[in-house]
C-alpha cells in the first residue's frame with residue numbers, strides 16, 4: 001500500500017514508461033556514459049520503498065488487464081534466471097516480482113519497484129539461454145540505475161500525461177504488440193514524446209552496457225547481446241515493414257550491434273563470439289513448453305516436434321520432451337510415456353520429466369505410482385514450487401482433497417503474492433466445505449489480480465462466518481483496511 005504523498009506517487013507513475021520495454025532499443029554510441037549519482041535530487045523524488053509499493057500496485061492493475069501465463073515450471077525457471085542475474089548485477093534490493101505475459105512477440109519490460117515482465121514469445125525467439133538472459137540483464141540494469149526516477153527530473157519540465165493513457169499503452173504492448181502500445185502512448189503525450197524518447201535512449205545505452213557486465217559476471221557469454229540484437233533485427237525485416245522510428249523507443253541499428261560486439265570482445269578477450277551448441281537443456285525444455293502452447297492444436301504440435309526430431313543433426317532431448325508433451329496433450333499417454341522413457345532413464349531426477357511422467361502414470365491408471373514419484377521428489381526438494389503445484393493438482397484430480405490442502409497452504413506462506421496458489425486453495429476449500437477459508441482465499445486472489453471490489457465482497461462474506469472467532473475477525477478486518485488503503489492509492493493515481 002502507498003501511504004501519504006499521493007501527488008508524488010501520481011507523478012511517479014506518470015513517468016513510469018521510461019520506456020523500459022524490450023531490448024529493441026535506442027541508438028548506441030561508442031562514447032563512455034557517466035554512471036548516475038543515485039543520491040541526486042531525482043532519486044529524492046521517490047524513495048526505494050515508494051518504488052516498491054508503486055510496482056506492486058502497478059502489477060495488480062497489470063494482472064487484471066493483461067493475459068498472464070500461469071505455468072509453474074516456466075515461472076520457476078524464469079524466477080531462478082532473474083534472481084541469478086540479479087545477484088550479479090548492480091541491483092541493491094533483492095525484492096523482485098516476475099510475470100510472464102502470453103504474447104508471441106519479442107518483448108520484456110522492467111517496472112519501478114522490481115517488476116520484471118517477459119513475453120513468453122521471447123523463449124521462442126531467443127535460441128539459447130544466454131541470448132534470453134541478455135534481455136533480462138538489460139531490464140535489470142534499468143532497475144539498478146533507477147532510470148524511472150531519473151526520468152522524473154526531465155518530466156518535471158514537461159506536461160504530465162494522463163496515467164490511464166500510459167497504462168493503456170503498456171497493456172496494449174503486452175496484448176496487441178509493442179507497436180500498438182507505443183501508438184497509444186504517442187496519442188496521450190504527442191507534445192512531449194520526442195524529447196522523452198531522446199532522454200530514454202541514454203538509458204538504453206547505459207542498460208546495454210551495464211547489462212552486458214551483468215551477463216559476464218554471471219559466467220554467461222557477453223556476445224549474446226549482439227546475437228540477440230541480430231535476432232531482433234531479422235524479426236523486423238521478416239515482418240515486412242518497419243514502424244516509424246518515433247514510435248519505436250528501441251530501434252536496432254548496425255552501430256548498436258557493432259558496439260555490443262566491441263564491448264563483448266573487451267570483456268572476453270575474443271574477437272568473435274559463437275552461439276553455444278548445447279548446455280542449456282533446462283532452457284530448451286522451457287522453449288518446448290512454449291512451442292506447444294502456441295501450436296494450432298496438440299496434433300499439429302505432434303507433427304511439428306516429429307519434424308524437428310527427424311531433421312538431420314537437429315534433434316535434441318528438448319524436442320523429444322516436446323513430443324512427449326504434445327502426445328500427452330493429444331490424449332496419447334502410452335505413446336507419450338514411451339517417448340519420455342529414455343529421457344527419464346538418462347536423467348531420473350529432472351523435475352520437468354517427472355512431472356510429465358506423473359501425469360502420464362495417472363492417465364494410465366497407475367495412480368499410486370504417480371503420487372509416489374512426486375512425493376519422493378518433494379522429499380528431496382522441499383518447497384519446490386512446480387513440484388508442490390504438480391503434486392497437489394494430482395491429489396485433487398484423484399479426489400484426495402484434504403491431503404492437497406496442507407502442502408499448498410504451506411506454499412502460500414512462501415509465495416503470498418502468487419495468484420495461482422490462492423486460486424487453487426479457494427477451489428480446495430470450497431470442495432471440502434471450508435467456506436470461511438474459501439472466501440479468504442478468493443479475496444487474496446482478487447487482490448493480486450487487481451479486483452478490489454470483488455475482494456471486498458469476499459472479505460464481507462468471510463467476516464459474517466467468523467462469528468465469535470476473535471482472531472479470524474481481527475485478521476479479516478485488517479485485510480479490509482488493507483484493501484481500503486489500496487483503493488485510496490489507486491484513486492489518488494487516477495486509476
**Prompt:** Restricting the search to the stretch 351-372, which residues are without any contact (Cβ under 8 Å) to a residue 40 or more places away in the chain and under 29 Å from the mean Cα position of the chain (by Cα)?
**Reply:** 353, 354, 356, 357, 358, 359, 360
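I'd like to know if the stretch 430-440 contains one or more residues that are at positive phi, crowded, with 17+ Cβ neighbours inside 10 Å and touching a helix residue (DSSP H, G or I) at 6+ places or on another chain (Cβ under 8 Å).
Quick first cut of the stretch 430-440, residues at positive phi only: 433.
Then keep just the ones that are crowded, with 17+ Cβ neighbours inside 10 Å; that gives none.
Within the stretch 430-440 (the criterion being at positive phi, crowded, with 17+ Cβ neighbours inside 10 Å and touching a helix residue (DSSP H, G or I) at 6+ places or on another chain (Cβ under 8 Å)), the answer is no, since none of the residues qualifies.
Give, as residue ranges, the helices (runs of 4 or more DSSP H) completely inside the stretch 241-310 that count at least 3 residues that are at pLDDT below 95.
Output list reads 254-268, 298-310.
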**Prompt:** Any idea how many residues of the stretch 71-100 are within 23 Å of residue 446 (Cα to Cα), surrounded by fewer than 16 Cβ atoms within 10 Å (Cβ to Cβ) and either under 10 Å from the mean Cα position of the chain (by Cα) or without any contact (Cβ under 8 Å) to a residue 12 or more places away in the chain (or both)?
**Reply:** 0
**Message:** Here is a check on your reading of the model: is residue 331 outside any helix (DSSP H, G or I) and either exposed (fewer than 14 other Cβ atoms within 10 Å of the Cβ) or within 26 Å of the chain's Cα centre (by Cα) (or both)?
**Reply:** yes
**Message:** Restricting to the stretch 452-495, count the residues that are over 22 Å from residue 434 (Cβ atoms) and in contact with a helix residue (DSSP H, G or I) (Cβ under 7 Å, 6 or more places away or on another chain).
**Reply:** 9
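Check 461, 445 and return the single one that is more than 32 Å from the chain's Cα centre (by Cα), surrounded by 16 or more Cβ atoms within 10 Å (Cβ to Cβ), at pLDDT 95 or above and assigned to a helix (DSSP H, G or I). Steps first, answer last, please.
Values: 445 fails: more than 32 Å from the chain's Cα centre (by Cα).
Among 461, 445, only 461 is more than 32 Å from the chain's Cα centre (by Cα), surrounded by 16 or more Cβ atoms within 10 Å (Cβ to Cβ), at pLDDT 95 or above and assigned to a helix (DSSP H, G or I).
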**Message:** Condition (residue is closer than 30 Å to residue 354 by Cα, part of a loop (DSSP other than H, G, I, E, B), under 29 Å from the mean Cα position of the chain (by Cα) and modelled with pLDDT of 95 or more) applied to the stretch 382-398: is it met by at least one residue?
**Reply:** yes
**Message:** Taking the condition of being farther than 25 Å from residue 283 by Cβ and surrounded by 21 or more Cβ atoms within 10 Å (Cβ to Cβ), how many residues in the stretch 334-361 meet it?
**Reply:** 1
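Of the residues 76, 84, which single one is under 20 Å from residue 208 (Cα atoms) and assigned to a helix (DSSP H, G or I)?
Numbers: 76 fails: under 20 Å from residue 208 (Cα atoms).
It is 84.
The values are calculated or read from the model by the stated rules, or taken from the named source; none is laboratory data. Predicted model only: the values in this text are computed from it and were never measured. Every residue, glycine as well, gets a Cβ built from its backbone with ideal geometry; the counts of neighbours run over all protein chains shown.
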